[in-house]
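The values are calculated or read from the model by the stated rules, or taken from the named source; none is laboratory data. Note that the coordinates shown come from a computational prediction; the quantities given were computed from them, not determined experimentally. Note that we place each Cβ from the backbone using ideal geometry, even for glycine, and neighbour counts take in every protein chain shown.
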Amino acid sequence: MQDQGIKPYLLQMLKELALLGAISNRVELSSSELSDQIHISQQTASRYLLELDSMNLIGREMGIKKQLIHITEKGSDILKDEYVHYKHIFDLPQRIYFTGKTVSGMKEGTYYTSQEGYVRQFEEKLGFKPYPGTFNVSIDPIEKNKIRLIKRYEGIIIDPFETPHRSFGGVICFHATINEVPCALTLPLRGHYSSILEFIAPDYLRTKINVEDGEMVTVIVFIAKKEDGK
């Protein structure tokens with residue numbers, strides 16, 4: 001099983017070494033060559049290699065001019081775990097899985113989900129009137145790549161609107177489940193990718209799912225391919 005303690009930058013370094021052939025062979029490589037390959041400083045590349053070595057994820061020995069690096073069985077197992085994780089995504093293109101911790105929001109969700117311009121569209125397009133507020137799930141930053149993947153697919157567009165006092169941005173929604181309870185993931189049409197996912201549902205999800213802050217939940221987001229030209 002993948003070591004959950006491995007830092008994202010070390011996992012990325014392990015992937016780069018694997019792409020250079022370090023799983024099946026010892027690759028002859030200097031830290032300066034590696035730094036050029038992944039666009040970091042030589043000192044940082046050396047530090048990453050030292051960390052991987054200390055965790056027994058790679059083995060190193062001196063060659064004639066450069067060090068010989070290979071990925072250990074432990075390192076290989078981590079990459080296999082990562083492969084299975086992403087293969088699961090692409091083999092089941094209509095579902096994307098997340099795991100994360102339940103967290104409290106800043107209460108802004110109640111304000112936004114109570115706006116008539118949103119409520120009317122949620123009812124029309126999602127088929128339910130949302131309970132005021134959002135259910136928030138904190139994911140590992142490395143899983144933010146999945147959000148980029150999701151936004152490539154066709155979601156349910158909630159159009160922007162204006163009130164006499166301010167403008168409200170558009171939202172893209174995807175049907176989802178949290179611990180098998182139906183809900184909808186909401187993402188801003190514009191803006192940065194957050195590691196906090198926000199969900200709406202017709203019911204108060206904390207009670208429905210029976211979880212408190214810090215508890216782990218399993219999320220499934222249902223996606224559909226965009227039609228050509230969209």
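A few remarks follow.
- Being part of a helix (DSSP H, G or I) and of a type outside the set (A, V, I, L, M) is true of T44.
- Across region 1-21, the qualifying residues are those that are of a type in the set (G, A, S) and modelled with pLDDT under 90, and the one among them that is nearest to the chain's Cα centre (by Cα) is G5.
- Of the residues T134, T186, T163, the single one that is at negative phi and in contact with a Cys (Cβ under 9 Å, 6 or more places away or on another chain) is T186.
- Single residue of L197, L149 found to be in the same structural domain as I96 (by TED's automatic domain parsing) and either assigned to a strand (DSSP E or B) or within 17 Å of G117 (Cβ to Cβ) (or both): L197
- Matching residues in region 121-161 - criterion: being touching a Gly at 6+ places or on another chain (Cβ under 6 Å), over 17 Å from F199 (Cβ atoms) and surrounded by 15 or more Cβ atoms within 10 Å (Cβ to Cβ): F161
- Filter result for L57 (surrounded by 14 or more Cβ atoms within 10 Å (Cβ to Cβ), among the aliphatic types (A, V, I, L, M), touching a Gly at 6+ places or on another chain (Cβ under 6 Å) and modelled with pLDDT of 90 or more): yes
- Test: residue in region 63-84 that is of a type outside the set (A, V, I, L, M), assigned to a helix (DSSP H, G or I) and closer than 30 Å to V211 by Cβ: yes
- Some residue of region 124-137 being hydroxyl-bearing (S, T, Y) and either farther than 27 Å from S30 by Cα or part of a helix (DSSP H, G or I) (or both): yes
- So K129, is it among the basic types (K, R), touching a strand residue (DSSP E or B) at 6+ places or on another chain (Cβ under 6 Å) and at pLDDT 90 or above: no
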